[in-house]
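Below is one structure; the comments refer to it alone.
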Amino acid sequence: MANNLMHFAPFNDIAHFEPLRGFEDLLRDFRLAPSLRELEVRPSMKMDVTETDQAYTVKAEIPGMKKEDIKIDIDGNQVSITAETKQESEQKDGETVVRSERYFGRQFRSFTLAHEIDEANAVAKYQDGVLDLSLPKKVRAGAKQLTVN
């Protein structure tokens, strides 16, 4: 009888970084996994930020957007990028709609930089799915000493 006992390790899935393995097995048993695989996952906005003494340069991948649908907000050293999309696709067979797909989505990234940004001189360009931001650092006025009269 002791040979048939199995060691129970309740945290085994977590220790092997497979916390959803049991859930995937459950879906496989119910044959829901194929339909879940068909759901399209939208990628998040990927960015590169570089810095020089004078400015920051941000390159953000936002494929499939129109430049009119991208909004950039600068508040001091806080930068926010928002992109909203609406995609519609329809296949017709004569007058009957055979398939219709719609996607409405929003991507958002916000980050804080070490220096304040001179928003009046910031430049944004969007080409081939890449947003290129040139964010000059705000020039700080030198410290002023007051004399006591």
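Spin-label pair Val130-Glu116: with each label point 7 Å from Cα along the Cα-Cβ axis, the two points sit 3.2 nm from one another.
Here the label points at Val139 and Thr57, each 7 Å from Cα along the C-beta direction, are separated by 2.2 nm in the simple model.
Laboratory data are not the source of any read-out in this text; all were calculated from the coordinates shown. Quick caveat: nothing in here was measured; it's all calculated off a predicted structure. Note that each Cβ is placed from the backbone with ideal geometry, even for glycine, and that neighbours are counted across all protein chains shown.
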